[in-house]
Amino acid sequence: MRFISTRGAAPILSFDEVVLAGLASDGGLYVPESLPTYSEADWRAMRALSYPELALQLMWPFVEGSMPRETFARMVHDAYSGFRHAAIAPVKQLGSDRWLLELFHGPTLAFKDFALQLLGRLLDYFLSERGERGVIMGATSGDTGSAAIEGCRHSSHLEIVILHPHQRVSEVQRRQMTSVIAPNVHNVAIEGNFDDCQAIVKASFLDQGFVQPHRLIAVNSINLARIMAQLVYYVYAGLRLGAFERPLAFSVPSANFGDVFGGYLAHVMGFPIGHFVVATNANDALVRALDGDLSRKPLVQTLSPSMDIVVSSNFERLLFDLHGRDGARLAAVMQSFQTNAVALDPEVVARARQLFSAAAVDDATTCAVIRDVFETTGELIDPHTATGVAALAVAPEGMGEVVLATAHPAKFAAAVKEAGFPEAPLPPDMADLLSRPEQFTILPNDRARVVEFVQSIMG
């Protein structure tokens with residue numbers, strides 16, 4: 001498989017090159033040049049596979065040519081061996097035809113473990129093969145950072161620099177990052193919001209004079225390997241919930257659109273997903289985008305902080321397809337968006353609306369949903385998952401409903417308390433998390449200072 005940039009001017013790359021590059025040199029994001037498709041019989045045959053076996057089957061076409069299949073098979077098995085549930089991604093019934101897809105059984109209690117446990121192993125392999133060291137540089141609104149650190153902390157080929165917004169992530173999210181005391185782990189608290197962190201990272205990746213000498217590597221969802229790994233659980237759940245017997249609507253808590261795009265790739269590969277519901281909090285960039293409005297609004301702090309984002313990077317990947325995969329046309333749109341609000345072509349919006357709906361959920365509704373789900377099912381859900389439940393109000397009628405449970409409620413004590421419940425306990429192996437020593441550096445919202453910091457750790 002080969003990979004092309006959404007803006008059409010960057011070189012076509014192989015999988016290993018894409019994993020190490022992250023952002024394309026023309027400012028775009030890499031997507032597959034083409035995807036394999038499977039018949040109904042092919043999909044039905046996959047139902048007998050375990051989660052690691054299914055992951056190997058679906059991801060191998062992306063990876064083929066970059067490593068031996070047996071090497072990748074071991075890597076996939078190892079990536080999911082540390083999950084706390086034997087099913088890896090179990091489904092739990094919430095109503096007569098409503099289901100919860102639990103994605104929080106990994107090492108850091110969030111869905112990002114599915115991709116980052118694998119990505120860390122891929123990076124270590126590719127750098128080892130090249131005899132190189134690299135610097136992971138990423139921005140996080142909470143979960144990506146801890147998952148990246150957990151997935152890459154043992155690598156002898158990587159330094160890990162994770163930027164998070166100072167005092168704008170939950171305490172559990174922060175401590176999952178800052179309590180990892182390792183010589184190659186460097187946590188940086190930026191005096192700003194997530195979008196400030198993301199802007200520093202994006203600008204750094206566009207600075208080729210900085211990228212090349214330091215082998216800068218992205219672990220945010222701009223890295224296509226993240227999206228590749230996330231397509232698997234849509235298929236895994238859909239096969240168990242009868243996707244071929246009736247259509248399923250997946251409701252996805254999202255701000256950066258990466259998780260949704262994973263499901264979209266499964267759809268393009270021929271898996272029968274009836275509809276996607278994109279759930280946001282008060283930061284409703286994706287709701288407006290699916291109405292044709294690409295514009296920026298001031299960021300609002302909410303009880304679902306992992307979605308406190310006002311610029312959705314991965315939406316560009318969908319826009320590429322919606323614009324007929326015309327990189328030059330999309331580049332013009334994205335260039336205009338840098339400085340202005342952009343109104344999308346009505347035909348583009350109409351095409352998006354055939355498969356996607358979206359809803360913004362405020363904090364009061366989030367808390368009400370947490371209470372309602374607990375009262376009716378006994379399940380305590382986190383605030384991000386609650387937005388997914390609430391957003392089902394805009395799902396098409398007559399479909400089975402699957403909500404992605406993206407994080408464990410213990411990670412978001414403030415929201416759980418606001419909803420009227422005591423704190424959800426952490427798993428036993430993490431019970432002492434809040435008393436572990438921390439190590440991080442506070443820096444101003446200034447890219448030059450971050451660059452100096454990275455250069456200092458590289459020597």
Review point. Roughly how many Å is it from the Cα centre of region 71-108 to that of region 211-289, as a whole number?
Key: 15 Å
Review point. Beyond 32 Å, what share of the Cα-Cα pairs of the chain remains, rounded to the nearest whole percent?
Key: 33 percent
Study note, to complete from the structure: Taking 206-219, 11-24 and ranking on average Cβ neighbours within 10 Å, highest first, one gets 11-24, 206-219
Practice item. Neighbouring Cβ atoms within 10 Å as the yardstick, rank His323, His267 fewest first. Key: His267, His323
Review point. Can you work out ³J(HN,Hα) from phi for every residue in region 361-369, in order, using Karplus 6.51 cos²θ - 1.76 cosθ + 1.60 and θ = phi - 60°, giving whole Hz and x for Gly and Pro?
Key: 10, 7, 5, 4, 5, 4, 5, 4, 5
Revision key, fill the gap. Amide H contacts under 5 Å for Ser251, restricted to residues at least 5 apart in sequence or on another chain and with H modeled in the peptide plane, are Val277, Val402, Val403, Leu404
Review point. Can you give the helix-only mean residue ellipticity at 222 nm for the chain, where every DSSP H stretch with n ≥ 4 adds -39500 (n - 2.57) and the sum goes over all residues, rounded to the nearest 500 deg cm²/dmol?
Key: -12500 deg cm²/dmol
Study note, to complete from the structure: One would report the antiparallel percent of DSSP beta bridges in the chain, rounded to the nearest 5, as 25 percent
Review point. Once phi is turned into θ = phi - 60°, what whole-Hz ³J(HN,Hα) does the Karplus curve with 6.51, -1.76 and 1.60 give for every residue of region 184-193, x standing for Gly and Pro?
Key: 9, 10, 10, 8, 10, 8, 8, 6, x, 9
Revision key, fill the gap. For Leu216, other-chain or 5+-apart residues with amide H closer than 5 Å (H placed, Pro excluded) are Val135
Revision key, fill the gap. The ³J(HN,Hα) series, computed from each phi in region 291-307 with the Karplus coefficients 6.51, -1.76 and 1.60 at θ = phi - 60°, rounded to the nearest Hz and given as x for glycine or proline, is 9, x, 10, 8, 8, 10, 10, x, 6, 10, 6, 10, 7, 10, x, 5, 10
Exercise for review: Rounding to the nearest 20 debye, state how big the charge dipole of the chain is about its Cα centre with +1 on each Lys and Arg Cβ and -1 on each Asp and Glu Cβ.
Suggested key: 400 debye
Check your understanding: What order, most packed first, do the peptides 231-241, 25-35 have when packing is the mean number of other Cβ atoms within 10 Å of each residue?
Key -> 231-241, 25-35
Review point. Out of residues 5 or more away from Phe3 or on other chains, whose amide H comes under 5 Å of its own, with H placed 1.01 Å from N in the peptide plane?
Key: Leu13, Glu33
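Only the coordinates and a few stated rules stand behind these numbers; no lab work does. Quantities reported herein were computed from a predicted structural model and do not represent experimental measurements. We place every Cβ from the backbone using ideal geometry, glycine too, and count neighbours over all the protein chains shown.
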